[in-house]
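Q: Can you keep this structure in mind? I'll have questions shortly.
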């Protein structure tokens, strides 16, 4: 484990996250931008296996490992983890703490306040399942969580969210004043890395779903739409990329293999090179009804000049320009999804035309350098 003492040249900032993969893939560029801006950067994150050790070593920033479950929210678990987080922050003695996602936001905010760390910032990249649905159990849990949110928000200098719906939700519940809430255009994408190579030239028309293979991300709706269209257009390819998930609503491996053998979909499995898949894809499809922040997969697709079909849903609806860089469809509507996909099949020239618009949109909205600089301007 790499360790570092308190720096002299600049302020010391601790980035607190609960997932190495998300930290490196989504926030690694920001962490390096902080270092280049003169901050002394320290990472606090649970590192669970050798693969995650390798990822952190490749990032090249000092980090502290800690025991922290990524989703457990039982009171006893939270109390135990709060003590651990507080002890780690006391040892690191930062000037600034920047928390990512709900659990680090709560634990990091309360622990930092108790240590009298005055500069606390947090990013909530999506409000999560508790703010979706309205059954009695969720309403009770949401009420309890909102009390904790309201207290934790008081400790923060600024809160960053990724879409207008989340901003409005937090404001409408009176959880924090508007001047402490910043709506970013996502976390950004590296436009130099995600761009179409001149040699990239996929054959035939294809649609790609990439993400967690859970019902809420819309994979089931994508498969149903593929079934509808395969009856009319046998030469069109429908690709699915992603890991099998333990979620009860997920597609199983046997179901995917059957769909694959029947020719309905081409199951790619998990990929570490999503850029390659975008290079060989006509249209990216994310029919999510999860409480999204602003999906990175959509930003990466647009940057690659690949038009997008997504849902009129939190975080998704403002990620594209309807009719220009893609299409919006109602949530949980495979038939409407198939209709939008068919527009590209009947008018294949729209793939290139919308692809040009997609790249332009990414350049204007999602340049990670601009977004990093925007966040850093609040930290000085």
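Q: Of (1) exposed (fewer than 15 other Cβ atoms within 10 Å of the Cβ); (2) within 17 Å of the chain's Cα centre (by Cα); (3) not in a loop (DSSP other than H, G, I, E, B), residue 254 satisfies all except one. Which?
A: (2)
Q: Residue 191 passes all but one of (1) at pLDDT below 95; (2) touching a helix residue (DSSP H, G or I) at 6+ places or on another chain (Cβ under 8 Å); (3) closer than 30 Å to residue 349 by Cβ; (4) not assigned by TED's automatic domain parsing to the domain that holds residue 272; which number fails?
A: The number of the failed condition is (1).
Q: I'm checking my understanding of the structure. Among residues of region 45-87 that are closer than 22 Å to residue 113 by Cβ and touching a residue at least 60 places away in the same chain (Cβ under 8 Å), which one is surrounded by the most Cβ atoms within 10 Å (Cβ to Cβ)?
A: If we take residues in region 45-87 being closer than 22 Å to residue 113 by Cβ and touching a residue at least 60 places away in the same chain (Cβ under 8 Å), then 85 is surrounded by the most Cβ atoms within 10 Å (Cβ to Cβ).
Q: Let me ask another. Please specify each residue of region 129-144 satisfying the condition of being over 17 Å from residue 181 (Cβ atoms) and modelled with pLDDT of 70 or more.
A: Taking region 129-144 and keeping what is over 17 Å from residue 181 (Cβ atoms), we get 129-130, 132-144.
Residues satisfying the conditions are 134, 135, 136, 137, 138, 139, 140, 141, 142, 143, 144.
Q: Could you say whether any residue in region 250-260 is closer than 23 Å to residue 165 by Cβ and touching a strand residue (DSSP E or B) at 6+ places or on another chain (Cβ under 9 Å)? Working first, answer last.
A: Of all residues in region 250-260, those closer than 23 Å to residue 165 by Cβ come to none.
No - not one qualifying residue is present in region 250-260.
Q: OK, next. Name the residue that is modelled with the lowest pLDDT, counting only residues in region 275-292 that are surrounded by fewer than 24 Cβ atoms within 10 Å (Cβ to Cβ) and within 15 Å of the chain's Cα centre (by Cα).
A: 291
Q: Okay, moving on. I need the helices (runs of 4 or more DSSP H) fully contained in region 26-141, keeping only those with at least 1 residues that are over 27 Å from residue 163 (Cβ atoms) and out of contact with any helix residue (DSSP H, G or I) (no Cβ under 7 Å at 6 or more places or on another chain). Let's see the steps before the verdict.
A: Details: elements: 28-36, 50-59, 75-92, 102-114.
Because the criterion is at least 1 residues that are over 27 Å from residue 163 (Cβ atoms) and out of contact with any helix residue (DSSP H, G or I) (no Cβ under 7 Å at 6 or more places or on another chain), the helices (runs of 4 or more DSSP H) in region 26-141 that meet it are 28-36, 50-59, 75-92.
The values are calculated or read from the model by the stated rules, or taken from the named source; none is laboratory data. Small disclaimer: the values here were computed from a predicted structure and weren't measured. Glycine also receives a Cβ, built like all others from the backbone with ideal geometry; neighbour counts cover every protein chain displayed.
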